[in-house]
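The values are calculated or read from the model by the stated rules, or taken from the named source; none is laboratory data. Just so we're clear, the structure is a prediction, and the values are computed from it rather than from any experiment. Quick reminder, even Gly has a Cβ in these numbers, built from the backbone with ideal geometry, and neighbours come from all protein chains shown. All accessible areas refer to the heavy atoms of the entire protein, side chains included, with ligands and DNA or RNA removed. Shrake-Rupley method; radii C 1.70, N 1.55, O 1.52, S 1.80 Å.
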Amino acid sequence: MIYRNEIKHVITPGDKASICANLRAVAHLDEHALPSGHYHIRSLYFDNLWDKALREKLDGVNEREKFRIRYYNGDTSLIHLEKKVKRAGLGCKFTEPLTCQEAHRIVHGDIDWMVTSGRPLLIEFYSKMHFQGLRPKTIVDYTRIPFVYKPGNVRVTIDDQIRTGLGCTDFLNPHCVTISAGDPIVLLEVKWDEYLPAIIQRAIQLKGRHSTAFSKYQICRIYG
């Protein structure tokens with residue numbers, strides 16, 4: 001299990017333009033970005049009846065986890081189940097690919113097949129759906145500009161246009177209604193392994209901005 005450093009900043013549209021210009025000079029866009037330089041992400045987050053994942057986030061619990069299913073640019077031919085773990089400010093992620101049919105079955109509560117799938121993350125997810133009562137909670141939609149820098153295994157992303165499902169968890173349905181998750185937010189996220197190169201530090205340097213524990217899942221739960 002490899003944990004990575006992670007910081008987040010809520011920034012302005014002006015900051016976004018400046019940082020993107022700086023990063024284009026020293027880093028590369030992620031290979032999966034569209035010609036426009038960004039991609040769209042749709043995720044479905046899971047929580048239990050008592051909102052364990054949400055409350056642990058709000059309470060700042062030192063070690064916590066959450067599960068989500070996501071796909072990119074409306075392409076349901078490649079879907080991932082992801083488990084995110086946070087410990088003492090560091091994070092790691094476990095991923096398992098899903099077919100569209102498998103994702104559909106999970107979303108609609110057909111989960112017994114996961115026990116015999118032979119895929120450890122699916123088996124763990126089944127266990128927590130069965131014994132902890134994990135269920136689909138909310139859709140989180142947003143647009144991401146992704147930059148990568150090989151030294152330090154650095155990934156810098158800028159997310160905006162964050163939207164949430166309004167009582168809809170059928171995230172495979174392109175017609176599922178989503179609405180803006182409160183006031184418009186632009187979020188800068190920086191992830192790296194053992195060190196953050198100085199050239200990236202300079203490229204993303206912001207005056208008067210402080211790191212935040214902002215959570216897209218948390219803000220998207222405003223409506224349910």
Please verify whether the range 160-180 includes one or more residues that are in contact with a strand residue (DSSP E or B) (Cβ under 6 Å, 6 or more places away or on another chain), among the acidic types (D, E) and over 20 Å from N5 (Cα atoms).
yes
Out of N5, N48, N22, I need the residue that is farther than 25 Å from A103 by Cα and either of a type in the set (V, I, T) or in contact with a strand residue (DSSP E or B) (Cβ under 9 Å, 6 or more places away or on another chain) (or both). Which one?
N5
Among (1) hydrophobic (A, V, I, L, M, F, W, C); (2) closer than 18 Å to S211 by Cβ; (3) in a loop (DSSP other than H, G, I, E, B), V10 falls short only on (3)
Any hit, the range 101-108, residues being under 21 Å from R221 (Cα atoms), exposed (fewer than 13 other Cβ atoms within 10 Å of the Cβ) and out of contact with any helix residue (DSSP H, G or I) (no Cβ under 8 Å at 6 or more places or on another chain)
yes
In the range 201-220, what residues are of a type outside the set (K, R) and outside any loop (DSSP other than H, G, I, E, B)?
Q201, A203, Y217, Q218, I219, C220
Which strands (runs of 3 or more DSSP E) sit wholly inside the range 62-152 and have at least 3 residues that are without any contact (Cβ under 8 Å) to a residue 24 or more places away in the chain?
75-87
Of the residues in the range 34-68, those that are open to solvent by less than 20 Å² (accessible area, probe 1.4 Å) and over 27 Å from R221 (Cβ atoms) come to G37
